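J.: To start, I am sharing the structure in question, which I have written as structure tokens.
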Amino acid sequence: MKKNILSLLLFFATAFSFAQDVRLSDSVIFINNNPIALYSKALSNSTPRYNMEVYSFDDYVLIKAEVIKFNAPVAQLKPFYYYEISFPPTADTFSVYIEDEAFPLVLGNIIRDYNLIGNNELNKKNVKKFIASYPGGPALTAKIKSFELYLNDTRYLNEQVKRDRTKPVTIINDRVIMQDGVKIGLIAVNQSVTESRLPVAVTRDNANIRSPATVHYDYFMTMANETDILFANGRKIDNANYYNKWSREKPLKGSDDQKLHAERSLYQVSKKATKKISGYTDQLLMKICYMIEDYAL
């Protein structure tokens, strides 16, 4: 019995000796009550997330962490923030996604768990281990992948031509849509015929007053052009008419500074790059640019 108790005491003593506590003062990172590095933090625009620098006691920067905003490509998604962690002594950079907003403590735990700092300097070997095994890296990849999957499901992004979506858009002969030097889509104009009728006269059989009156109609045929927007592979964009409601003054993807957004929108950039454009082509260009900004084309 005493032997078992002694074994348990030794186990807890050993476990306690390996349990290291991370604590941050205003400027010092403590691990197991031992100061291992200095740090500073600066409030980023994404309150309450912090940019951080960890440096040695002789004022050399060992670790830097910067908050970066990943903008949502479409209005239905929300932007998120991730951290770019760099190690100046090794020139390594590693981007991670961390949901916990208390990042200073998270970084302290990372330094402890991976033993990144020792003897007042960066442990370069352990930096490699951190980059290879920290789950925040795959988490960022998965987060970005979820955006891509959403766009594939809702907008067939995987079928769209890859190109720089910020480049000016041109329309050749009101049929071929070009961007970044490649064909990204087609314009198909189809003629539709609608039959309608108008009553012109009513007659009744006077010999049989119980018989119903007969209504006579004139029939009219109305012809109209319907414009379809297609991917380069021929897939028709079913909700293309949705973008007819957008206007020059208020595109769906607005910003706080509407004037600045209008000046920098894809439509404005594309129109500026086009020397001569008809009113019809101008309307097409505006619609197509808004579709591209919304990842519909």
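The values are calculated or read from the model by the stated rules, or taken from the named source; none is laboratory data. Just so it is clear, the model here is predicted, and its values are computed rather than measured. Neighbour counts are summed over all protein chains in view; Cβ atoms, including those assigned to glycine, are modelled from backbone coordinates with ideal geometry.
J.: Does at least one position in the range 89-98 carry a residue that is aliphatic (A, V, I, L, M), surrounded by fewer than 17 Cβ atoms within 10 Å (Cβ to Cβ) and assigned to a helix (DSSP H, G or I)?
T.: From the range 89-98, those aliphatic (A, V, I, L, M) are 91, 96, 98; that's our starting set.
Then keep just the ones that are surrounded by fewer than 17 Cβ atoms within 10 Å (Cβ to Cβ); that gives 91.
Add one more test, that the residue is assigned to a helix (DSSP H, G or I), and what stays is none.
No, the range 89-98 contains no residue that is aliphatic (A, V, I, L, M), surrounded by fewer than 17 Cβ atoms within 10 Å (Cβ to Cβ) and assigned to a helix (DSSP H, G or I).
J.: Right, another one. What is the number of the single condition among (1) out of contact with any helix residue (DSSP H, G or I) (no Cβ under 8 Å at 6 or more places or on another chain); (2) farther than 30 Å from LEU230 by Cβ; (3) touching a residue at least 60 places away in the same chain (Cβ under 8 Å) that TYR82 does not meet?
T.: For TYR82, the failing item is (1).
J.: A further question on this structure: If a residue must be loosely packed, with under 10 Cβ neighbours inside 10 Å and either charged (D, E, K, R) or part of a loop (DSSP other than H, G, I, E, B) (or both), how many such residues does the range 190-203 contain?
T.: 1
J.: Further question on the same structure: Could you grab me the full set of residues in the range 99-122 that are acidic (Asp, Glu) and either in contact with a helix residue (DSSP H, G or I) (Cβ under 6 Å, 6 or more places away or on another chain) or in a loop (DSSP other than H, G, I, E, B) (or both)?
T.: Filtering the range 99-122 for residues acidic (Asp, Glu) gives 99-101, 113, 121.
Within the range 99-122, GLU99, ASP100, GLU101 qualify.
J.: Here's something else I'd like to know. Check ASN190, ASN173, ASN206 and return the single one that is modelled with pLDDT under 75 and either of a type outside the set (D, E, K, R) or farther than 20 Å from ILE292 by Cβ (or both). Step through it out loud before you land on a result.
T.: Details: ASN190 fails: modelled with pLDDT under 75; ASN173 fails: modelled with pLDDT under 75.
On inspection, the qualifying residue turns out to be ASN206.
J.: Right, something else. Restricting to the range 145-166, give me the number of residues that are surrounded by fewer than 13 Cβ atoms within 10 Å (Cβ to Cβ), part of a helix (DSSP H, G or I) and either in contact (Cβ under 8 Å) with a residue 12 or more places away in the chain or among the β-branched types (Val, Ile, Thr) (or both).
T.: Adding up the residues that qualify gives 1.
J.: Then there's this: May I ask you to list pairs of residues, at least six apart or on different chains, whose Cβ atoms are under 9 Å apart, with the first in the range 221-246 being modelled with pLDDT under 85 and the second being of a type in the set (Ser, Thr, Tyr) and not in a strand (DSSP E or B)?
T.: So the pair list comes out as TYR243/TYR290; TRP246/TYR290.
Okay, residues lined up against (1) part of a loop (DSSP other than H, G, I, E, B); (2) exposed (fewer than 14 other Cβ atoms within 10 Å of the Cβ); (3) of a type in the set (A, V, I, L, M); (4) assigned by TED's automatic domain parsing to the domain that holds LYS276:
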residue: THR170; (1), (2), (3), (4): no, no, no, yes
residue: ALA188; (1), (2), (3), (4): no, yes, yes, yes
residue: ASP205; (1), (2), (3), (4): yes, yes, no, yes
residue: ARG210; (1), (2), (3), (4): yes, yes, no, yes
residue: VAL215; (1), (2), (3), (4): no, yes, yes, yes
residue: PHE220; (1), (2), (3), (4): no, yes, no, yes
